[in-house]
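Scroll down for the structure; my scribbles are underneath it.
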Amino acid sequence: MGNGGGAHKQIRRRPTLDTDLPERAGIHPLLARVYANRGVHSPEQLDLGLVHLLPPSQLLHADRAAALLADAIAANKRIIIVGDFDADGATSTALAVTALRAFGAGDVDYLVPNRFEYGYGLTPEIVQLAAGASPDLIITVDNGISSIEGVAAARALGISTLITDHHLAGRELPAADVIVNPNQPGCGFPSKHLAGVGVIFYVMLALRAELRERGWFQDRQEPNLGQFLDLVALGTVADVVPLDYNNRILVSAGLQRIRAGNSRPAIEALLELASRERHALVASDLGFALGPRINAAGRLDDMSVGIECLLSEDPAGARLHAGRLHQLNLDRRAIERGMQEEAMQIIATMPEMQGELPPKAVTLYRADWHQGVIGILASRVKDRLHRPTIVFADGDEGEIKGSARSIAGIHVRDVLDTVATRNPGLITRFGGHAMAAGLTLRREDYADFAAAFVQEVANQADEGMLEAVIDSDGELAPGEFDLVLAEALRNAGPWGQHFPEPVFDGSFELLNQRLVGENHLKMVLQQPGSDLALDAIAFNIDVDVWPDQSVRRVDVAYRLDVNEFRGRRNLQLVVEHLAAAQH
């Protein structure tokens, strides 16, 4: 957050668009304005009913995957799911295991590689590990599109492979029996933004249709796939994929199930630990409260802890696993705080940071940083400096592993691809997508890589991309500071990546300011010309700058929010950006 320190942020107001949504959809003019700013211009686009979901028939090879799975279930073949070690991977694995069992598969298990031992994806080492269980079929979820060697190893052992993934494909595809990925060449699926959990959900929809056609459910109960939408919503939001119309349908349906008390015990247990009220749950709660607790298992321990939690059908068992996840998340936060302090000390002493502006990109390396937390640290540095950032830590013997996070306009996987092409052998391996990627280098190549990466970002970036901007939906009139309207905005959406929660801006008199907790700034603000005092809070403030009792007027970008405390609900501004007024 640009609350003193870090990248200077500019507030950019979205243009005011004409819209007839208030009349046609019966919604508040402010909400209509917000929707219009996000490309929603008709009441039909606000209808998030499941009937509008894109059909599985449009997803390339979903039908072939369904046939392969139907044959495997009918023949009682042994199936192993190979997942990934983040929340998307965990929800994908839990969904695949539970759905296949519900369809009648008698021998289904999962395997999630420990990221510190085996790295990412279906590697030959993972195939060897899986081979110990003598599977007939390996299904990857949320990974596999770059697992050329792993698929070859499985084929050599006579094991069939079904790849389900959403990451970008490289120049060569693995020789799997079937690949389902909306981002593979030749796939015309209109939504390219399905998360891994969304892809496997679609495969299960296709499988149900295939089994229906085969008469499979004549003497057994047909499962309702709606029961998996809580997992789909959680994995989709936690993976920060763009919330296009199709994803908003999936997330909205999942949120409705959770609010209605129809979610699995794990989600109930995690909500309790995160102090979130089920009935008031919004998409951001999935991303900021539930997702990090599941991710902590893959970062510090083994993602099987998270998967076992999601698979638990017994509330007591789910609470036990959720408690372990909660503790891992507390541990992760403590490790992250220490690493962040060290990173900021390194940044402060870097020669290239002594100018007025930071370099076009940032790379950081410390041997003893925790591999599982470098992605979060990269994200924090990227947010603070508004620069593509890669953070490295020691990996296997002689290697270092990096986690990259990028800014809008700089496709970090493509940058790495260009660096690798121009410097053969410099990068041992890499993969990812536009905003995040992972890579491995030889330790002695770090300096050469860092220079090449910064140079390539400089080649691709124009100055506009390197300006930190907060997009605002404009100023609010005095009458729009309203609890009912705040609740309507909060419950609309669902908000998320590429469909952002409404942010407004304005100048306010600063009547009161004080620190709460370690670094949160509580304020009372007043709009000039109004006598309404507004509660506001800025989280993770720069305590070297705030509170500043000399400041009487501030420019603020904020969200309208509802604060619940001891049963009372009141309007609160959540401050995204705070600066002393310049006029």
*If you go through region 548-583 one residue at a time, how many are in a strand (DSSP E or B) and in contact (Cβ under 8 Å) with a residue 24 or more places away in the chain?*
24
_helices (runs of 4 or more DSSP H) contained entirely in region 245-303, each with at least 2 residues that are outside the structural domain of His498 (by TED's automatic domain parsing) and over 30 Å from Ala36 (Cβ atoms)_ = 265-273, 291-300
*region 335-360 residues that are of a type in the set (Gly, Ala, Ser), paired with ones that are surrounded by 10 or more Cβ atoms within 10 Å (Cβ to Cβ) and modelled with pLDDT of 80 or more (beta carbon under 8 Å, 6 or more apart)*: Ala343/Leu364; Ala343/Leu377; Ala343/Arg380; Ala343/Val381; Ala343/Val391
*Failed condition for Asp535, given (1) surrounded by fewer than 18 Cβ atoms within 10 Å (Cβ to Cβ); (2) touching a Lys or Arg at 6+ places or on another chain (Cβ under 6 Å), with all others met?*
(2)
*Output for region 504-552, where each listed residue is among the charged types (D, E, K, R) and within 30 Å of the chain's Cα centre (by Cα)*: Asp505, Glu518, Lys522, Asp535, Asp542
*Of the conditions (1) closer than 18 Å to His193 by Cα; (2) not in a helix (DSSP H, G or I), Leu229 fails just one. Which one is it?*
(2)
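For region 340-379, what are the residues that are β-branched (Val, Ile, Thr) and assigned to a helix (DSSP H, G or I)?
Residues of region 340-379 that are β-branched (Val, Ile, Thr), as a first pass: 346-347, 349, 362-363, 373-374, 376.
If the condition is that a residue be β-branched (Val, Ile, Thr) and assigned to a helix (DSSP H, G or I), then Ile346, Ile347, Thr349, Val373, Ile374, Ile376 are the ones that fit.
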*Within the group Ala408, Ala404, which residue is in contact with a helix residue (DSSP H, G or I) (Cβ under 7 Å, 6 or more places away or on another chain) and either in a loop (DSSP other than H, G, I, E, B) or buried (at least 22 other Cβ atoms within 10 Å of the Cβ) (or both)?*
Ala404
*asked:* Looking at Ala175, Ala169, Ala153 in this structure, which one is small (Gly, Ala, Ser), under 28 Å from Leu250 (Cα atoms) and out of contact with any Phe, Trp or Tyr (no Cβ under 6 Å at 6 or more places or on another chain)?
replied: Ala169
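Per-residue answers, yes or no, for (1) in a loop (DSSP other than H, G, I, E, B); (2) free of Cβ contacts under 8 Å to residues at least 60 places away in the same chain:
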residue: Pro424; (1), (2): yes, yes
residue: Thr428; (1), (2): no, yes
residue: Gly431; (1), (2): no, no
residue: Ala437; (1), (2): no, yes
residue: Tyr446; (1), (2): no, no
residue: Phe453; (1), (2): no, no
*Within region 149-171, track down each residue that is in contact (Cβ under 8 Å) with a residue 60 or more places away in the chain, hydroxyl-bearing (Ser, Thr, Tyr) and in contact with a Gly (Cβ under 9 Å, 6 or more places away or on another chain).*
Thr164
*asked:* Here's a check for you: in region 350-382, which residue that is out of contact with any Lys or Arg (no Cβ under 8 Å at 6 or more places or on another chain) and at pLDDT below 90 is nearest to Ile407 (Cα to Cα)?
replied: Leu357
*Please tell me if Ile347 is modelled with pLDDT under 95 and either among the hydrophobic types (A, V, I, L, M, F, W, C) or assigned by TED's automatic domain parsing to the domain that holds Pro500 (or both).*
yes
*asked:* Looking only at region 456-479, count every residue that is part of a helix (DSSP H, G or I) and loosely packed, with under 14 Cβ neighbours inside 10 Å and tell me the total.
replied: 4
*Test Asp20 against the stated conditions and say whether it is more than 30 Å from Ile400 (Cα to Cα), free of Cβ contacts under 8 Å to residues at least 24 places away in the same chain and surrounded by fewer than 21 Cβ atoms within 10 Å (Cβ to Cβ).*
yes
*Got a sec? Which of Val82, Val108, Val97 is at pLDDT 95 or above, crowded, with 18+ Cβ neighbours inside 10 Å and over 27 Å from the mean Cα position of the chain (by Cα)?*
Val108
*Identify, please: which residue in region 6-34 is within 30 Å of Met344 (Cα to Cα) and in a loop (DSSP other than H, G, I, E, B) and is, among those, modelled with the highest pLDDT?*
His8
_Just checking, does region 55-74 include any residue being assigned to a loop (DSSP other than H, G, I, E, B), touching a Cys at 6+ places or on another chain (Cβ under 6 Å) and either in the same structural domain as Thr440 (by TED's automatic domain parsing) or in contact (Cβ under 8 Å) with a residue 12 or more places away in the chain (or both)?_
yes
*Of all residues in region 279-299, which are surrounded by 24 or more Cβ atoms within 10 Å (Cβ to Cβ) and among the polar types (S, T, N, Q)?*
Asn295
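Out of everything in region 146-189 that is among the charged types (D, E, K, R) and touching a helix residue (DSSP H, G or I) at 6+ places or on another chain (Cβ under 7 Å), what residue ends up being surrounded by the fewest Cβ atoms within 10 Å (Cβ to Cβ)?
Checked region 146-189; the qualifying residue surrounded by the fewest Cβ atoms within 10 Å (Cβ to Cβ) is Glu172.
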*Any idea which residue in region 305-316 is farthest from Ser92 (Cα to Cα), counting only those that are surrounded by 20 or more Cβ atoms within 10 Å (Cβ to Cβ) and not β-branched (Val, Ile, Thr)?*
Ser312
*Consider only pairs whose beta carbons are under 7 Å apart and that are at least six residues apart or on different chains; among these, list those whose first residue lies in region 480-491 and is in a helix (DSSP H, G or I) and whose second residue is of a type outside the set (Lys, Arg) and surrounded by fewer than 16 Cβ atoms within 10 Å (Cβ to Cβ).*
Leu483/Asn570
*From Val97, Val51, residue being touching a residue at least 12 places away in the same chain (Cβ under 8 Å) and hydrophobic (A, V, I, L, M, F, W, C)*: Val97
_Can you tell me which residue is nearest to the chain's Cα centre (by Cα) among those in region 232-244 that are part of a loop (DSSP other than H, G, I, E, B) and crowded, with 24+ Cβ neighbours inside 10 Å?_
Asp239
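The values are calculated or read from the model by the stated rules, or taken from the named source; none is laboratory data. Being a predicted model, the structure only gives us computed values, none of them experimental. Positions of Cβ are backbone-derived with ideal geometry, glycine not excepted, and every protein chain shown enters the neighbour counts.
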